[in-house]
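A short write-up of the structure that comes next.
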Amino acid sequence: MVNRWRLERADGTPFKPGGKLAPPKKRIVYWIEDSVPDEYRTAVREGILEWNKAFEKVGFKDAIEVRQQDGQEFDPEDATYATFRW
């Protein structure tokens with residue numbers, strides 16, 4: 001089963017080209033697995049966040065959020081999490 005994200009504008013207004021950006025009701029969350037070397041984590045985070053530029057073109061502000069796995073208990077192979085693995 002593949003989970004897909006359904007982005008909806010938090011303010012409920014439809015997007016109009018050139019209009020105001022709005023955050024989504026629920027962001028897309030990517031996790032950086034703790035196996036990623038410390039010296040690359042910043043670059044990986046910035047690379048994932050670059051996708052926000054594409055979402056801005058369709059009216060979303062900060063559609064993607066990145067979190068570091070440090071200490072969180074989850075299986076990176078679990079399809080319910082979007083995980084960047086080394």
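Read the figures in this text as sums done on the coordinates, not as results from a lab. Bear in mind the structure is a predicted one, so any value in this text is a computation, not a measurement. Please note: Cβ atoms are built from the backbone with ideal geometry, for glycine as well, and neighbour counts cover all protein chains shown.
Yes/no per residue for (1) charged (D, E, K, R); (2) closer than 30 Å to residue 12 by Cα:
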| site | (1), (2) |
| --- | --- |
| 32 | no, no |
| 39 | yes, no |
| 44 | no, no |
| 51 | no, yes |
| 60 | no, yes |
| 63 | no, yes |
| 75 | yes, no |
Worksheet item: Which members of segment 35-86 meet the condition of being of a type in the set (Phe, Trp, Tyr) and under 14 Å from residue 5 (Cβ atoms)?
Response: 51, 55, 60, 81
Discussion item. So, in segment 50-86, how many residues would count as being in a loop (DSSP other than H, G, I, E, B) and not charged (D, E, K, R)?
Written reply: 12
Worksheet item: What are the residues in segment 27-86 that are more than 11 Å from the chain's Cα centre (by Cα), aliphatic (A, V, I, L, M) and surrounded by fewer than 17 Cβ atoms within 10 Å (Cβ to Cβ), if any?
Response: 43, 54, 58, 79
Practice prompt. Name, by its number, the condition in (1) farther than 27 Å from residue 13 by Cβ; (2) out of contact with any strand residue (DSSP E or B) (no Cβ under 9 Å at 6 or more places or on another chain) that does not hold for residue 81.
Written response: (2)
Practice prompt. Exactly one condition in (1) loosely packed, with under 11 Cβ neighbours inside 10 Å; (2) on the phi < 0 side of the Ramachandran plot; (3) not polar (S, T, N, Q) is not met by residue 18; state its number.
Written response: (2)
Worksheet, complete the sentence: Within segment 24-49, the residues that are of a type in the set (S, T, N, Q) and either part of a helix (DSSP H, G or I) or without any contact (Cβ under 8 Å) to a residue 24 or more places away in the chain (or both) are 42
